[in-house]
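FYI, it's all coordinate maths here, none of it is from the lab. These numbers were taken from a predicted model, which means no experiment stands behind them. Here Cβ is always computed from backbone atoms with ideal geometry, including for glycine, and neighbour counts include all displayed protein chains.
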C-alpha cells in the first residue's frame, strides 16, 4: 500500500507486475517468494522538471519472501519502494 501511495503522491505513472511462486518448504508451510517488475516510470521531484526516470522497462525492482503470498508481496513492495527512493536520490544528484 505504501508503494502505491508514494507513486500516486509523486505523480508517478506506473505499472507493476508480480511474479509469485513457492520456493520451497513443506506443503503445509511453503516459503513464498514475490518478484516485483516495473515498466518505465517517471516521478516528479517537487515542482522541478524534468521528471526523473526511476525504473527501466522490465527491471526487477524488489524481491520478497514470506509464509504467505501476501506477506511475500508486502516484503517485495517495501524493498521496491526503498529501491525507487534510492534511484530517485541518485537521479536528482547526478
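Data table
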quantity: Burial ordering of 89, 74, fewest other beta-carbon atoms within 10 Å first; calculated: 89, 74
quantity: Computed E for residue 69/residue 89 - FRET, C-beta separation, R0 35 angstrom, nearest 0.05; calculated: 0.70
